[in-house]
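In what follows, a structure is listed as structure tokens, so that the remarks can point back to it.
The values are calculated or read from the model by the stated rules, or taken from the named source; none is laboratory data. Since the model is a prediction, treat every value here as computed from it, not as a measurement. Cβ coordinates were reconstructed from backbone atoms using ideal geometry, including for glycine residues, and neighbour counts include every protein chain displayed. Heavy atoms of the whole protein, side chains included, go into the accessibility calculation; ligands, DNA and RNA do not. Shrake-Rupley method; radii C 1.70, N 1.55, O 1.52, S 1.80 Å.
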Amino acid sequence: MQKKTSIPFTITSMDNLGQGVSKTLGKVVFIPKTTIGDEGEAEILAEKKGVIFGTRARLTKHSSQRIKSECLHFDTCPSCY
């Protein structure tokens, strides 16, 4: 079993799919269920030419723009698209 790699992130913008975008280790990182101003750690799911796709592992700083989801399953579900 391969150990999961985590990286720090600070979300600076959003992409057109609603994912948070960060720049870490000289690469662009896409992290769903984050918003501008969030900081924390993400687990790497995939990595391709200068781009990392991750999942939010934990938030160390919540954005002032963050709102509570009306869906009780938001944090554990892959999301409604």
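Some notes on this structure:
- Listed by first and then second residue, the pairs with beta-carbon distance under 8 Å, at least 6 apart or on different chains, first residue in the range 49-78 and closer than 19 Å to residue 6 by Cβ, second modelled with pLDDT under 80 and surrounded by 11 or more Cβ atoms within 10 Å (Cβ to Cβ), are 75/69.
- Any chance residue 70 is open to solvent by 50 Å² or more (accessible area, probe 1.4 Å), among the charged types (D, E, K, R) and under 11 Å from the mean Cα position of the chain (by Cα): no
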